[in-house]
Amino acid sequence: MEKKIQQIEYEEYKDASELTPEDRALLEVARKATDDAYAPYSRFRVGAALQLANGQRVLGTNQENASYPVGICAERTALSTASSLYPGIAVQTLAVSYRNELGSSVKPISPCGICRQTICEYEQRFGAPIRIIMAGLTGPVFIIKSGGSLMPLSFSSSDML
């Protein structure tokens, strides 16, 4: 038997004021997008903003359903929208934030498992990493260099060969 260890590396910022102007602006767009989330059941509004390689920005919000937990996360909404509006254009950066109406929104939020898998698929599809900026409405901000860092043993097309 061989024991292996995988670790994640990320940058931690005190708050958004420490980010580059570009990253701060993208995060602010994601934070604002939480206003448009449809989350009447969980009251947990998530906003995502993508920066595409062609310079365009695409937004996504979580969309819940009375057949809870059937719904779609903000990250997947944004990725699907980008793929539909700008087919063939890679995503460079994904910013995600949230507004918890039943509690605080001060710590970074991380994509769920389905979103992590989807982000990995987009990275494989375009052969390029997607930087992820994770934050609440205030407080610290985490940045990782690649979605694959969040899901090192992801299922991929190579597993289907």
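The values are calculated or read from the model by the stated rules, or taken from the named source; none is laboratory data. The shown structure was predicted, so the numbers you read here are calculated from the model rather than taken from an experiment. Here the Cβ positions follow ideal geometry from the backbone for every residue, glycine too, while neighbour counts run over all protein chains shown.
Among the residues making up the range 78-117, a single one is within 14 Å of L150 (Cβ to Cβ), under 9 Å from the mean Cα position of the chain (by Cα) and among the small types (G, A, S): S110.
Yes or no: Q124 at negative phi and at pLDDT below 95? For Q124, the condition - at negative phi and at pLDDT below 95 - is met.
In the range 28-71, how many residues are of a type in the set (S, T, Y), outside any loop (DSSP other than H, G, I, E, B) and farther than 20 Å from Y86 by Cα?
The qualifying residues number 2.
Scanning the range 123-144 for residues that are touching a strand residue (DSSP E or B) at 6+ places or on another chain (Cβ under 6 Å) and either closer than 21 Å to Q6 by Cβ or free of Cβ contacts under 8 Å to residues at least 24 places away in the same chain (or both) yields I130, R131, I132, M134, F142, I143, I144. Go through (1) in contact (Cβ under 8 Å) with a residue 60 or more places away in the chain; (2) surrounded by 19 or more Cβ atoms within 10 Å (Cβ to Cβ); (3) within 21 Å of D36 (Cβ to Cβ) and name the single condition S105 misses. The one condition S105 does not meet is (1).
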